[in-house]
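These notes are about the structure you will find just below.
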Amino acid sequence: ESILVFMFFTRPASVNFSTNPQDWFWAMIGTYPVMLMQAGGQEYALVIFLQIPAMLWVIFGYLSLGTSISIIPAHRELKRKGAYRFVRHPLYAGYVVSLLCVLINNMSLYNIAIIALTYVGTIMRIIREERFLLASNPEYAEFMKQTKYRLLPYVY
């Protein structure tokens, strides 16, 4: 997360960013509910074999994105290399897998609801972000053709 904080403080100004309240709403729902998760439950050592690669993928995504990071849809430099060669939203992909691991180790109905809300927020966030980027950045349509999948190759 230190990488993320550094990138936020060193990022350039965006060319354009969304002022649509729905975009902001879904960005918040896809980002912050996980802070409400409750710890506890069974620790499964095998889960770490999935969680470590997921977090390494997130770090790879951060390094690939550089200082173009944003919570709300914003038009900054379009990234096509690194993790962005494989999926259009590698950070979200890594977080989806990592949060599933956290849920497995902290299983409760409450945490399932929190993760479900976050996943819905993430999917809506992707849809709204791509809609914004298509409207504000003509290069994004070409990127979508080049990198066909949003989160998981051959699936979504």
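The values are calculated or read from the model by the stated rules, or taken from the named source; none is laboratory data. Predicted model, so just to flag it, every value in this text is computed and none were measured. Neighbour counts run over all protein chains shown; Cβ positions are idealised from the backbone, glycine included. The accessibility values were calculated without ligands, DNA or RNA, using every heavy atom of the protein model including side chains. Shrake-Rupley method; radii C 1.70, N 1.55, O 1.52, S 1.80 Å.
Data overview
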{"quantity": "Accessible area of the range 1-142 divided out per residue, in Å², using a probe of 1.4 angstrom", "calculated": "56 Å²"}
{"quantity": "For residue 17, distant residues with modelled amide H under 5 Å away", "calculated": "75"}
{"quantity": "Linear extension gain, residue 107 paired with residue 145, 0.36 nm per residue minus alpha-carbon span", "calculated": "9.9 nm"}
{"quantity": "Gyration tensor (alpha-carbon) shape descriptor, the range 20-110, a/c threshold 1.5", "calculated": "oblate"}
{"quantity": "Cα gyration tensor, the range 38-86 - rounded (a/c under 1.5), prolate or oblate", "calculated": "oblate"}
{"quantity": "Karplus-derived HN-Hα couplings along the range 111-123 (A = 6.51, B = -1.76, C = 1.60, θ = phi - 60°), whole Hz, x at Gly and Pro", "calculated": "5, 4, 5, 5, 5, 4, 4, 5, 5, 4, x, 5, 5"}
{"quantity": "Å³ per residue enclosed by the Cα convex hull of the range 77-131", "calculated": "75 Å³"}
{"quantity": "Identified option (computed semi-axes √(5λ) of the Cα gyration tensor in Å; candidates (i) 58, 16, 12; (ii) 27, 17, 15; (iii) 28, 20, 12)", "calculated": "(ii)"}
{"quantity": "Rounded percent of accessible protein surface that carbon and sulfur make up, the range 55-149, 1.4 Å probe", "calculated": "70 percent"}
{"quantity": "Mean Cβ count within 10 Å, highest first, over the residues of peptides 39-46, 96-103, 64-71, 83-90", "calculated": "83-90, 96-103, 64-71, 39-46"}
